[in-house]
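K.L.:
First the structure, then my questions, so here it is.
Here, each number is a calculation from the coordinates, and none is a lab measurement. For clarity, every value in this text was computed on a predicted model and none was experimentally measured. All Cβ positions, even for glycine, are placed from backbone atoms using ideal geometry, and neighbour counts span all protein chains on display.
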Amino acid sequence: MKDLMKESTRGVLLVTARTLVAAVCVVVVVVARTTVGWGSLAIMLCALAGLLAVLAAYNRRFR
């Protein structure tokens with residue numbers, strides 16, 4: 001009863017979660033791009049940081 005989830009199920013859930021987070025970050029950047037101001041810039045930078053975090057988590061496996 002050590003593992004509650006199969007490795008394959010865990011992998012599928014991780015890929016799905018990462019894909020959703022990346023898609024949300026891209027949508028936020030595209031939506032925030034249409035307005036001008038420091039607030040929109042901050043939102044876009046946070047979304048880009050989210051994309052970099054997803055990329056770093058992905059690349060950590062292949063280090």
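K.L.:
State which residue pairs qualify: first residue under 21 Å from residue 58 (Cα atoms) and inside segment 16-34, second residue assigned to a helix (DSSP H, G or I) and of a type in the set (Ser, Thr, Tyr) in any location, beta carbons under 8 Å apart, and separation of 6 or more residues or different chains.
P.N.:
Close Cβ pairs (under 8 Å, with a partner that is assigned to a helix (DSSP H, G or I) and of a type in the set (Ser, Thr, Tyr)) amount to 18/58.
K.L.:
Within the bounds of segment 12-29, is there any residue that is in a helix (DSSP H, G or I) and of a type in the set (S, T, N, Q)?
P.N.:
Yes, segment 12-29 contains a residue that is in a helix (DSSP H, G or I) and of a type in the set (S, T, N, Q).
K.L.:
Follow-up question, since we're still on this one. Could you check how many residues of segment 24-58 are touching a Lys or Arg at 6+ places or on another chain (Cβ under 8 Å) and loosely packed, with under 11 Cβ neighbours inside 10 Å? Walk me through it before giving the result.
P.N.:
Just the residues of segment 24-58 that are touching a Lys or Arg at 6+ places or on another chain (Cβ under 8 Å), to begin with: 40, 44, 54, 57-58.
Then keep just the ones that are loosely packed, with under 11 Cβ neighbours inside 10 Å; that gives none.
Within segment 24-58, residues that are touching a Lys or Arg at 6+ places or on another chain (Cβ under 8 Å) and loosely packed, with under 11 Cβ neighbours inside 10 Å number 0.
K.L.:
Select from segment 11-23 the residues that are of a type in the set (A, V, I, L, M) and exposed (fewer than 14 other Cβ atoms within 10 Å of the Cβ) and list them in ascending order.
P.N.:
To start, the set of residues in segment 11-23 that are of a type in the set (A, V, I, L, M) comprises 12-15, 17, 20-23.
Those that are of a type in the set (A, V, I, L, M) and exposed (fewer than 14 other Cβ atoms within 10 Å of the Cβ): 12, 13, 14, 15, 17, 20, 23.
K.L.:
Enumerate the pairs (first residue in segment 38-55 and part of a helix (DSSP H, G or I); second residue anywhere and charged (D, E, K, R)) with beta-carbon separation below 9 Å, excluding pairs fewer than 6 apart on the same chain, so at least 6 apart or on different chains.
P.N.:
40/33; 44/33; 54/18
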